[in-house]
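The values are calculated or read from the model by the stated rules, or taken from the named source; none is laboratory data. In this text the structure is predicted, and so the values were computed from the model without any measurement. Here Cβ is always computed from backbone atoms with ideal geometry, including for glycine, and neighbour counts include all displayed protein chains.
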Amino acid sequence: MPLDFNQVGQQIKQMGGDLRQTANHHDQLVAHAWAKLEEQSPRWEHWARHAEENYLRSPWLLAAPAEPIINRYQLPKFPPNYCLAAVDGSQIDLDRHWAVECYLINLGLVTIQYGQQPYSKLHSVPALHYNDQELLLRDKDGRSYKMAGALVHAERDTREGIALARLAQEILEQSTTPLVAMQDGTLIRWSLSGLDPWVRAHFLQRYLDEGLAALRAADVPTCSYISHPKAPEVTGIARLIVNPTLNNTNKAEGLVDPYPGINDTKLFGNGWLGDGERSALFKSLSKINVEEYRDHAIYFFYLNVGSELARIEMPEWVAQRPEWVDLIHAVAYDQAHRGGGYPVALARAHEQAVVRESDRRVFRQMIEQALWHARLNNGSSLKQDAKAQVRV
Amino acid sequence: MTEQRIGEVIEASSTQWTTGAYELLNAPPFGSLIKAGCHDNDLCIYGLVYDIRTGSRDLGGKAMVRGGRRYDGSEFYDGQIYSEHPDLAAVLQTEWSALVIGYERAGRIIHYLPPQPPTVHYSVHLCDDDTVERFTQHCDFFRMVLHANLPIADELLGTAIRHAAALQANRREYELYAGRELARLLRDDYDRLRVLVRMLTS
């Protein structure tokens, strides 16, 4: 039965009107939040301290400003020569309906050099895992965790960080052009937050030690690019300013949010940042960042790349070097422009990494053929077969 | 003379094949004689280059306009676009089709369709002058081009004959020989013959 567009059309029209009303209300809230932030900007150190002391009590995500809150910076001079290393990944998750338990992680690695000696290298590295040691994580008490779902995702994230460090090291052995290492998405491993502490540490320590620490040792400005960010951390500072004691004002509903529905994209989307301008630097006060990232704690700024607002994240040891922050500011903007709104190196890395549905089908067929050749029982589940074809 | 390896077979049938270039934009000229390898090691397949094209490697991908003014005010066009976007070399691909016009087995050139098509992923070489001269000594391949049902068949054959004639010791004699063969093959189609002869004599 096709969708009844007569009915849906009415509902969409209603939605459009409602959203306009909400947007008008949001504009007023954003103006109010900016007034607070501007007023308190000179006291940024006080609010940084206050946020760091209260991040656990706060019902809202907070950030600690690393400089006056309303600082903004014009696009720095563009580096004539630079090289970019970028990594993205995808996975084929373990599927219990398959004839054999295995998962695959595919990493897309990209090197692009701009300037006097333009050069590019794009390739992908797939890795198949099927041994018991690879399918089960065992902690020191003998508890085991199956590598599936969130754990395969965590493994992929970890590998991306490690692969970026190795790629950067390889590039540095061959080139003296200024290098920037860039990842897609956040450097804060939010997805690990909900996992068992031992599992979280298993992934995070490798990511920090073999990824970020190796990049630091190699002296590589490292960052990540988040398109269309949804984070509410700078808005969290405005919320804290309005309610510094974080006391309950309404016992039935808990702490009342003075800026409901407002996030940082809406906050900075009011024209505060001109084309190419970036915001001040802030330290993320998410629990995992404060408590487990140590000297790799993640800082961020917002950047108006013209077509949208992007969030650029970097570890503390990058944020502390103004010349690196300028380089990342210029490179992120340049990349977004070359890529028509999104960094071209990240788009290329994604193209290298992506596993399409047709690839999944071929992968499964290859596994079944391999089992057949090895004279192993091809015991894929009948449920999976039934889902693969419509019987009429 | 060593023949230059220029690409590899990426699609093949008994009558034509597609070559993917090893180097972006580096295709042999239209009408060139090329040869492709086959998993039957004795066999080497000859073809004439036509329909040279460059586009996205990704199925469904499309090149976008990239030249113009940059955000820093500078302008870039043409070759500068490739310098400004070094990744293009990795995401664009130059390809061309080749019409099969014969094969070689045990050192013998045969102007008929080969028993097997070229093998996908086997190398494609640009034929050197000696090979072109040897292959085009006889005009039996004309028939295969004229009957290939290609819209550009006459252009392709005319260009190939001109390449071949330029390498012959006695160019005039070769053109007369080719002209007679064309007259015989196109005796029922005066218009096509006239266009081809004009190509040879212009």
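Return the residues of segment B:71-112 that are basic (Lys, Arg) and touching an Asp or Glu at 6+ places or on another chain (Cβ under 8 Å); say none if nothing qualifies. First the steps, then the outcome.
Taking segment B:71-112 as the starting set, the residues that turn out to be basic (Lys, Arg) are B:105, B:108.
Residue satisfying the conditions is B:105 alone.
Mind checking whether some residue in segment A:192-203 is at pLDDT 95 or above and hydroxyl-bearing (Ser, Thr, Tyr)?
no
Residue by residue through segment A:113-125, note down the ones that are within 28 Å of the chain's Cα centre (by Cα) and loosely packed, with under 15 Cβ neighbours inside 10 Å.
A:123
Name the residue that is surrounded by the fewest Cβ atoms within 10 Å (Cβ to Cβ), counting only residues in segment A:255-311 that are small (Gly, Ala, Ser) and within 14 Å of chain B (Cβ to nearest Cβ).
Taking segment A:255-311 and keeping what is small (Gly, Ala, Ser), we get A:261, A:269, A:271, A:274, A:276, A:279-280, A:284, A:286, A:297, A:306-307, A:310.
Subsequent filtering for residues that are within 14 Å of chain B (Cβ to nearest Cβ) retains A:274, A:276, A:306-307.
On the way: A:274: 11, A:276: 21, A:306: 14, A:307: 13.
For segment A:255-311, the residue satisfying everything is A:274.
Quick check on segment A:326-379: of everything there that is in a helix (DSSP H, G or I), within 12 Å of chain B (Cβ to nearest Cβ) and touching a helix residue (DSSP H, G or I) at 6+ places or on another chain (Cβ under 8 Å), which residue is farthest from residue A:307 (Cα to Cα)?
Within segment A:326-379, the match that is farthest from residue A:307 (Cα to Cα) is A:351.
Quick check: anything in segment A:100-118 within 13 Å of chain B (Cβ to nearest Cβ) and free of Cβ contacts under 8 Å to residues at least 12 places away in the same chain?
As a first pass, look at segment A:100-118 and keep what is within 13 Å of chain B (Cβ to nearest Cβ): A:108-118.
Adding the requirement that they be free of Cβ contacts under 8 Å to residues at least 12 places away in the same chain leaves A:118.
Within segment A:100-118, one or more residues are within 13 Å of chain B (Cβ to nearest Cβ) and free of Cβ contacts under 8 Å to residues at least 12 places away in the same chain.
Does residue A:181 meet the test of being of a type in the set (A, V, I, L, M), surrounded by 23 or more Cβ atoms within 10 Å (Cβ to Cβ) and either farther than 20 Å from residue A:84 by Cβ or at pLDDT 95 or above (or both)? Working first, answer last.
Numbers: of a type in the set (A, V, I, L, M): yes; surrounded by 23 or more Cβ atoms within 10 Å (Cβ to Cβ): yes; either farther than 20 Å from residue A:84 by Cβ or at pLDDT 95 or above (or both): yes.
Yes, satisfied.
Run down B:191, B:154, B:140 and say which single residue is in contact (Cβ under 8 Å) with a residue 24 or more places away in the chain, of a type in the set (D, E, K, R) and surrounded by fewer than 16 Cβ atoms within 10 Å (Cβ to Cβ). Quick ask: steps written out before the conclusion?
Details: B:191 fails: in contact (Cβ under 8 Å) with a residue 24 or more places away in the chain; B:154 fails: surrounded by fewer than 16 Cβ atoms within 10 Å (Cβ to Cβ).
Among B:191, B:154, B:140, only B:140 is in contact (Cβ under 8 Å) with a residue 24 or more places away in the chain, of a type in the set (D, E, K, R) and surrounded by fewer than 16 Cβ atoms within 10 Å (Cβ to Cβ).
Could you tell me how many of the residues in segment A:89-120 are among the hydroxyl-bearing types (Ser, Thr, Tyr) and under 24 Å from residue B:83 (Cβ atoms)?
So the first thing to find is which residues in segment A:89-120 are among the hydroxyl-bearing types (Ser, Thr, Tyr), and the list is A:90, A:103, A:111, A:114, A:119-120.
Checking the rest, the ones that are also under 24 Å from residue B:83 (Cβ atoms) come to A:111, A:114, A:119-120.
So the count comes out to 4.
Filter segment A:361-376 down to residues that are of a type in the set (A, V, I, L, M) and under 17 Å from residue A:103 (Cα atoms) and give me whichever is nearest to the chain's Cα centre (by Cα). Walk me through it before giving the result.
As a first pass, look at segment A:361-376 and keep what is of a type in the set (A, V, I, L, M): A:362, A:366-367, A:370-371, A:374, A:376.
Cutting the leftovers down to under 17 Å from residue A:103 (Cα atoms) gives us A:362, A:366-367, A:370-371.
On the way: A:362: 30, A:366: 33, A:367: 32, A:370: 36, A:371: 38 Å.
The qualifying residue nearest to the chain's Cα centre (by Cα) is A:362.
Quick check, is residue A:47 crowded, with 16+ Cβ neighbours inside 10 Å, among the aromatic types (Phe, Trp, Tyr) and part of a helix (DSSP H, G or I)?
Details: crowded, with 16+ Cβ neighbours inside 10 Å: yes; among the aromatic types (Phe, Trp, Tyr): yes; part of a helix (DSSP H, G or I): yes.
Yes, satisfied.
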